[in-house]
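A short worksheet on the structure shown next.
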Amino acid sequence: MNILEAIQNRREITNFQDKKIPEETLEKVLEAAFLSPSGNHLPSREFILTVKRETIDQLVHTTPFVSWLREATAAIIVTGRPEISKYWLQDASIACGFIWLSAVEQGLGTAFGAVYHSEDPNESKKRENFVRKQLLIPDDRRIVAIMGLGYPKGEPKTKKLLSRDEIIRYDHF
């Protein structure tokens, strides 16, 4: 699969088969995360993989919007390091995209669970501290997202896109 095919095939998958993901497949997804760019090539983002059912089941309680983790067979938690780079959030976000596209290439489904909440610091702190406690994440890391992974249950629906003219402009707005 080429990169454009992965982009075209990408969907948010929230229903997963009860099927273990081979370690070598997960390592390929982690390699994509590792190779994602970061501002000034600084180590501003880190990744935690878990396939432990009890851990994933605990992460379901991070926010009401990640109940789909109950069916995920793996999760990658993406953290950022503000003390390392002012671009920590951008770097972690780009890495999430690399994880997503690599997962698609491997035949996996993925869903994005936002933990960091830029508009509500109290909610963000609550969510981040919950994940921090579950995974023993140091206080100097921010928890950006939980990426749930698994083999999709069924075919995802076709995406209904806005017209390109609504999104893309040339030379001026």
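Can you tell me which residue is most open to solvent (accessible area, probe 1.4 Å) among those in region 122-173 that are in contact with a Leu (Cβ under 9 Å, 6 or more places away or on another chain), not small (G, A, S) and not in a helix (DSSP H, G or I)?
So, considering only residues that are in contact with a Leu (Cβ under 9 Å, 6 or more places away or on another chain), not small (G, A, S) and not in a helix (DSSP H, G or I), the one most open to solvent (accessible area, probe 1.4 Å) is R142.
For region 1-36, which residues satisfy the criterion of being in a loop (DSSP other than H, G, I, E, B) and loosely packed, with under 12 Cβ neighbours inside 10 Å?
Correct list: N2, D18, K19, P22.
Condition (residue is basic (K, R), open to solvent by less than 50 Å² (accessible area, probe 1.4 Å) and assigned to a loop (DSSP other than H, G, I, E, B)) applied to region 51-68: is it met by at least one residue?
no
What are the residues in region 75-91 that are crowded, with 19+ Cβ neighbours inside 10 Å and part of a helix (DSSP H, G or I), if any?
Residues satisfying the conditions are W88, D91.
Residue check, C96 against (1) assigned to a helix (DSSP H, G or I); (2) surrounded by fewer than 19 Cβ atoms within 10 Å (Cβ to Cβ), all met but one. Which one?
Tallying (1) assigned to a helix (DSSP H, G or I); (2) surrounded by fewer than 19 Cβ atoms within 10 Å (Cβ to Cβ), C96 fails exactly one: (2).
Test each condition in (1) modelled with pLDDT of 95 or more; (2) under 24 Å from S124 (Cβ atoms); (3) open to solvent by 30 Å² or more (accessible area, probe 1.4 Å); (4) not basic (K, R) for A72 and report the one that comes out false.
Exception for A72: condition (3).
I'd like the full set of residues that are touching a Gly at 6+ places or on another chain (Cβ under 8 Å) and over 25 Å from E27 (Cβ atoms), limited to region 63-79.
T63, F65
Please find, among S38, S93, the residue that is in contact with a helix residue (DSSP H, G or I) (Cβ under 9 Å, 6 or more places away or on another chain) and not aromatic (F, W, Y).
S38
Identify the residue in region 103-121 that is among the hydrophobic types (A, V, I, L, M, F, W, C) and under 12 Å from T62 (Cα atoms) and, among all such residues, is surrounded by the fewest Cβ atoms within 10 Å (Cβ to Cβ).
Applying the filter and picking the extreme gives A114.
The values are calculated or read from the model by the stated rules, or taken from the named source; none is laboratory data. Bear in mind that the values here come from a model prediction, so they are computed numbers and not experimental data. Using ideal geometry, Cβ is built from the backbone for each residue, glycine included, and neighbour counts are taken over all protein chains shown. Please note that ligands, DNA and RNA were not included when accessible areas were found on the heavy atoms of the full protein model with its side chains. Shrake-Rupley method; radii C 1.70, N 1.55, O 1.52, S 1.80 Å.
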